[in-house]
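Novice: Quick one: this structure, given as structure tokens, is what I'll be asking you about.
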Amino acid sequence: QSQKEQNPMEEMEQLENANVELRKEQHQQQSQKEQNLMEAFEQLENANVELRKEKNHMSRSMELMEESLTLKNELLQSAKDELEESKEELYKAKQELKLGTGWDLSKSVVIGMASPGYGMEIYQQFVGSLRATGYIGHIILGVTKDTMIEKTTPIEITNAETTTNTTNPQQQQLNFTNVARYLNSQNVTTKIIDMDDGVCTYNGTVGYEGNVIRRWRCFKAYPDYKMAWARFLFYQDWLKDCDECKDGVILTDVGTGEYFQRDPFVTAARARQQLPLVLFEEHPDLDNTHWLTHIPVLSCREYTLGNTPVLHAGSVMGSREGILNYIDVMVEEFDYWKKREKCRMDMPLDEQSIHNYLYYANRLKNAMTVPHRRGPIHVVGKHAARIFEDVKNEAQDKGIGIDEVFKPKKGIGWQNWLPKEHDLLDPRTGLIVNLDGSPSAQVQQVDKFGPLNRRWLKKMMKHNWPYNKPQELGAVPFVDDESPDPLAAHSCLKKKVIPRNFNMSLASNVVSNQGRIYKVNLWDDGTYCKIRETMLNIEGFSLHPRTNLVDSPEEADIIVWASTRGMTEREIPPSNYSNVVLLDYADGCSRHSALDKVKHLVGHFKRSFVHRRFGKFSNNCTDGWENRVKKESVLPFAYSGAQTFASAGMFPKRKYAITNMLRDDSAGSNKQRKIILNYTKSFVEKHNLTNHSFIGNTLSGKERGFEKVYFKVLANSKIIVTMNPADWEGDFRLWEALLSGALVFVDQMAILDWIPHPFKHKEHLIFYDPANRTEFENLLEYYVSNEAEAESIGLRGYEHTAHHHMTTDRVSYILDNIEDKLEL
């Protein structure tokens with residue numbers, strides 16, 4: 001029984017164990033399934049991660065492809081824009097080079113023949129003066145062998161050797177003269193003319209007994225033409241040999257009386273005188289009843305020229321085809337004259353007779369004549385000879401030397417070599433002028449003045465013809481040691497050298513010269529150097545036709561005291577002088593403390609005439625002054641444009657879309673400027689103009705006005721943003737910007753409405769409200785997008801400034817307000 005009871009228990013135990021094992025196995029299987037499932041989930045998650053990565057990668061790839069495509073399109077568009085700009089620049093360059101009528105300056109040529117025996121001075125006078133005008137074309141000169149090669153050189157030079165190249169190995173054995181080396185340095189093509197006597201088949205006048213009265217010398221190359229005629233055949237040969245000489249041509253005399261003052265081809269273009277053949281009239285007092293033209297033409301052609309203007313044969317201008325046709329007709333007429341005894345004149349200048357006959361007989365095609373002193377060639381001979389004759393007579397009557405008659409008075413520079421009453425030159429430069437006052441491009445027969453302008457010529461050659469380049473506004477002038485220097489009269493400027501880059505010889509504007517001329521002394525109050533304010537006054541009172549600067553206040557009619565009140569306690573006012581004008585250039589609204597010390601004040605002008613709060617007009621400065629000062633006696637004043645500020649035209653194509661050179665300074669009065677600077681920065685960044693704009697001031701403050709880099713940035717800008725100080729109006733920035741020719745943005749101002757010729761919004765410049773950022777940015781966006789309109793307003797602003805707001809205009813404003821108060 002006991003065994004039986006034991007067996008079921010064992011079975012149950014075995015069964016329990018089997019169940020345990022079964023549960024273990026089931027648990028293990030479940031765990032394995034869970035593990036497998038977890039691994040499957042993990043693999044799935046990893047797969048999803050990789051999928052997402054791949055998706056992101058594909059998305060980024062698509063973005064990069066889109067960015068790349070956008071960049072490619074932008075680069076393509078930029079390249080197209082640059083190509084269009086290049087085409088436009090090339091077109092403008094060609095237009096500038098051709099000057100509107102097809103004469104390419106680089107393919108133009110000046111041709112002449114120099115007589116034997118000319119020294120270096122003649123070639124420096126002729127070639128040097130021409131190159132100094134900026135002329136880039138060809139120069140061809142016929143010269144003798146002795147001019148080019150030392151006489152001791154045993155080498156034969158023939159007419160075939162037409163150029164002098166001092167670096168040519170084949171010519172190293174030649175001993176070139178200094179003249180030859182000079183002409184080579186000036187890129188002159190020289191043609192060697194054989195002057196040796198040869199067989200001359202041309203004979204002169206035949207006398208009553210059949211004998212030849214005069215036997216002429218001839219060139220070997222053209223023995224059948226006297227030398228004065230043969231030069232035209234040489235000109236023809238040389239012009240045909242010059243393949244690059246395809247456009248404008250001048251045939252001209254070369255001698256002691258010829259030099260240049262401007263590029264003759266540019267002058268002709270501006271005067272609309274670029275035609276196939278242009279001939280130039282001599283002085284109107286000289287006509288063709290003169291024996292030089294009348295007798296030969298009447299004798300040979302039985303033709304009466306009458307009292308027609310004499311046309312000068314020494315300089316002829318035209319196109320290549322026009323000049324070649326002209327020479328053909330001249331040679332044809334030479335051939336007619338030389339074969340007939342009645343035409344062979346015993347005189348060297350009958351080419352002038354033939355020249356006039358051919359024109360008035362309508363033998364010259366497409367020819368035009370230019371009246372005396374109205375074109376690029378000015379024949380001064382008749383006028384000069386008359387002046388010199390008068391001088392000789394006066395010298396003889398007074399028993400003095402010729403040089404003593406026109407000896408400049410003390411303080412008058414060498415430039416003013418001829419008295420004003422002759423109305424022939426610009427006394428500031430000494431250049432001989434046309435009737436409109438512009439420099440004559442080429443002057444002929446100056447030697448008829450005798451020694452009167454010899455000193456001037458030597459000075460010009462010594463200094464490389466400093467007045468020959470066109471002196472536009474802002475051009476750097478020539479300053480000579482002997483030039484009268486109005487700066488020297490002011491002791492303040494002796495302490496510190498003022499940059500001499502403003503043009504004392506060019507009036508900034510045409511102002512009235514009617515009325516009395518006043519002697520003006522710029523009072524030296526003994527304080528620190530007010531460089532820019534003094535410069536404005538010197539320029540204005542020097543150039544104004546009704547004022548002359550004098551050194552001494554005792555000899556002055558008017559005392560001008562310019563004060564910036566930098567050291568008020570040390571200022572010495574002109575207390576004991578009459579007719580004092582105070583130009584108060586100080587910032588802020590306060591009244592000058594030394595004003596009561598001046599016994600006779602005829603004019604009180606205040607630059608900072610208004611008070612501003614947070615960059616906006618608050619009140620007139622005089623509102624708070626004491627009752628002893630009458631408001632109406634204080635007149636508003638402003639800085640002005642000056643020639644040293646002018647930079648327009650420096651760059652044909654401007655680089656910077658927007659320029660803002662206000663200093664990033666949060667101190668004092670510049671807080672408002674910092675706001676506008678930040679507005680501009682933000683706009684530039686938002687519109688991707690960072691690389692095409694100039695933002696921020698990188699130059700020193702005090703010398704900014706004379707900093708070349710500063711003016712170059714202005715001249716290279718399309719839009720310039722500037723702003724007045726926060727508490728007052730008036731700075732140099734505005735006038736510097738206006739004279740750059742860019743479109744100027746400036747905050748709203750009151751002073752510009754209170755002085756003559758106000759500036760108008762959107763006509764001369766853009767006035768903005770510093771408190772209205774939206775309007776400011778909208779204005780910028782509009783004018784950035786409309787460059788042509790911006791350029792037009794900028795040009796009008798420049799012209800308005802140049803015509804009405806230069807230093808001489810401020811002087812006129814002063815005179816208008818003080819003349820009735822002067823005690824003289």
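Novice: If you take the residues of the range 328-361 that are assigned to a loop (DSSP other than H, G, I, E, B) and touching a residue at least 24 places away in the same chain (Cβ under 8 Å), which of them is farthest from the chain's Cα centre (by Cα)?
Specialist: ARG340
Novice: So HIS757 passes all but one of these: (1) outside any loop (DSSP other than H, G, I, E, B); (2) modelled with pLDDT of 90 or more. Which condition number does it fail?
Specialist: (1)
Novice: Filter the range 229-248 for residues that are aliphatic (A, V, I, L, M) and crowded, with 21+ Cβ neighbours inside 10 Å and give the result.
Specialist: ALA230, the sole residue that qualifies.
Novice: Here's a check for you: in the range 606-625, which residue that is part of a loop (DSSP other than H, G, I, E, B) and open to solvent by less than 30 Å² (accessible area, probe 1.4 Å) is modelled with the lowest pLDDT?
Specialist: Going through the qualifying residues, I end up with GLY615.
Novice: One residue is enough: does the range 705-717 have a residue meeting the conditions touching a helix residue (DSSP H, G or I) at 6+ places or on another chain (Cβ under 8 Å) and of a type in the set (Asp, Glu)?
Specialist: Within the range 705-717 (the criterion being touching a helix residue (DSSP H, G or I) at 6+ places or on another chain (Cβ under 8 Å) and of a type in the set (Asp, Glu)), the answer is no, since none of the residues qualifies.
Novice: Among the listed residues ARG373, ARG340, ARG320, ARG344, identify the single one that is surrounded by fewer than 18 Cβ atoms within 10 Å (Cβ to Cβ) and basic (Lys, Arg).
Specialist: Criteria check complete, one pass: ARG340.
Novice: Do we find that LEU275 is over 24 Å from VAL446 (Cα atoms) and open to solvent by 10 Å² or more (accessible area, probe 1.4 Å) in this structure?
Specialist: yes
Conditions (1) touching a strand residue (DSSP E or B) at 6+ places or on another chain (Cβ under 8 Å); (2) in a loop (DSSP other than H, G, I, E, B); (3) at pLDDT below 90; (4) open to solvent by less than 80 Å² (accessible area, probe 1.4 Å), marked per residue:
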site: THR304; (1), (2), (3), (4): no, yes, no, no
site: GLY314; (1), (2), (3), (4): yes, no, no, yes
site: TYR326; (1), (2), (3), (4): yes, no, no, yes
site: ARG363; (1), (2), (3), (4): no, yes, no, yes
site: HIS378; (1), (2), (3), (4): yes, no, no, yes
site: ALA384; (1), (2), (3), (4): no, no, no, yes
site: PRO408; (1), (2), (3), (4): no, yes, yes, yes
site: GLY413; (1), (2), (3), (4): no, yes, yes, yes
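Novice: Right, next: Just a yes or no: is a residue in the range 290-302 under 42 Å from the mean Cα position of the chain (by Cα) and touching a residue at least 24 places away in the same chain (Cβ under 8 Å)?
Specialist: No: the range 290-302 contains no residue that is under 42 Å from the mean Cα position of the chain (by Cα) and touching a residue at least 24 places away in the same chain (Cβ under 8 Å).
Novice: Identify, from the list GLY797, GLY741, GLY730, the residue that is within 21 Å of the chain's Cα centre (by Cα), at positive phi, open to solvent by less than 50 Å² (accessible area, probe 1.4 Å) and not aliphatic (A, V, I, L, M).
Specialist: GLY741
Novice: Moving to a separate point now. Exactly one of these conditions fails for THR774: (1) of a type in the set (Val, Ile, Thr); (2) open to solvent by 20 Å² or more (accessible area, probe 1.4 Å); (3) not in a helix (DSSP H, G or I). Give me its number.
Specialist: For THR774, the failing item is (3).
Novice: Here is a follow-up. Looking at PHE265, is it more than 30 Å from SER106 (Cβ to Cβ) and crowded, with 22+ Cβ neighbours inside 10 Å?
Specialist: no
Novice: Identify, by number, the condition in (1) under 28 Å from ILE558 (Cβ atoms); (2) surrounded by 22 or more Cβ atoms within 10 Å (Cβ to Cβ) that ASP753 doesn't meet.
Specialist: (2)
Novice: Only one of (1) over 30 Å from HIS544 (Cβ atoms); (2) at pLDDT below 75; (3) outside any loop (DSSP other than H, G, I, E, B); (4) open to solvent by 70 Å² or more (accessible area, probe 1.4 Å) fails for ARG628. Which number is that?
Specialist: Every listed condition holds for ARG628 apart from (3).
Novice: Next question, about the same structure. Taking the condition of being at pLDDT 90 or above and touching a helix residue (DSSP H, G or I) at 6+ places or on another chain (Cβ under 7 Å), how many residues in the range 421-438 meet it?
Specialist: 2
Residue-by-condition table, conditions (1) open to solvent by 10 Å² or more (accessible area, probe 1.4 Å); (2) assigned to a helix (DSSP H, G or I); (3) at pLDDT 50 or above:
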{"residue": "TRP456", "(1), (2), (3)": "no, yes, yes"}
{"residue": "ASN464", "(1), (2), (3)": "yes, no, yes"}
{"residue": "ASN468", "(1), (2), (3)": "no, no, yes"}
{"residue": "VAL476", "(1), (2), (3)": "yes, no, no"}
{"residue": "VAL479", "(1), (2), (3)": "yes, no, no"}
{"residue": "ALA488", "(1), (2), (3)": "yes, yes, no"}
{"residue": "VAL497", "(1), (2), (3)": "yes, no, no"}
{"residue": "PHE502", "(1), (2), (3)": "no, no, no"}
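Novice: So, TYR813, is that one part of a helix (DSSP H, G or I), open to solvent by less than 60 Å² (accessible area, probe 1.4 Å) and over 18 Å from LEU677 (Cα atoms) or not?
Specialist: Yes, satisfied.
Novice: Those residues that are β-branched (Val, Ile, Thr) and in contact (Cβ under 8 Å) with a residue 40 or more places away in the chain, I need them from the range 752-795; list them, please.
Specialist: ILE755, VAL784, ILE793
Novice: To continue, here is another question. Which one is farthest from the chain's Cα centre (by Cα) among residues in the range 419-443 that are over 16 Å from PRO466 (Cβ atoms) and either hydrophobic (A, V, I, L, M, F, W, C) or open to solvent by less than 30 Å² (accessible area, probe 1.4 Å) (or both)?
Specialist: LEU424
Novice: Is it true that SER669 is at pLDDT below 90, hydroxyl-bearing (Ser, Thr, Tyr) and not in a loop (DSSP other than H, G, I, E, B)?
Specialist: yes
Novice: Here's something else I'd like to know. Do we find a residue being among the aromatic types (Phe, Trp, Tyr), part of a loop (DSSP other than H, G, I, E, B) and open to solvent by less than 80 Å² (accessible area, probe 1.4 Å) anywhere in the range 782-792?
Specialist: No, there is no match, as no residue in the range 782-792 is among the aromatic types (Phe, Trp, Tyr), part of a loop (DSSP other than H, G, I, E, B) and open to solvent by less than 80 Å² (accessible area, probe 1.4 Å).
Novice: A further question on this structure: Please tell me if GLU321 is farther than 20 Å from LYS107 by Cα and part of a helix (DSSP H, G or I).
Specialist: no
Novice: Among residues belonging to the range 569-605 that are assigned to a loop (DSSP other than H, G, I, E, B) and aromatic (Phe, Trp, Tyr), point out the one that is farthest from ASN619 (Cα to Cα).
Specialist: Checked the range 569-605; the qualifying residue farthest from ASN619 (Cα to Cα) is TYR577.
Novice: For the range 255-276, check the following and say yes or no: at least one residue is part of a strand (DSSP E or B) and modelled with pLDDT of 95 or more.
Specialist: yes
The values are calculated or read from the model by the stated rules, or taken from the named source; none is laboratory data. What you see is a predicted model; the values in this text were computed from it and never measured. Positions of Cβ are backbone-derived with ideal geometry, glycine not excepted, and every protein chain shown enters the neighbour counts. Ligands, DNA and RNA are excluded from the accessible area calculation, which covers all protein heavy atoms including side chains. Shrake-Rupley method; radii C 1.70, N 1.55, O 1.52, S 1.80 Å.
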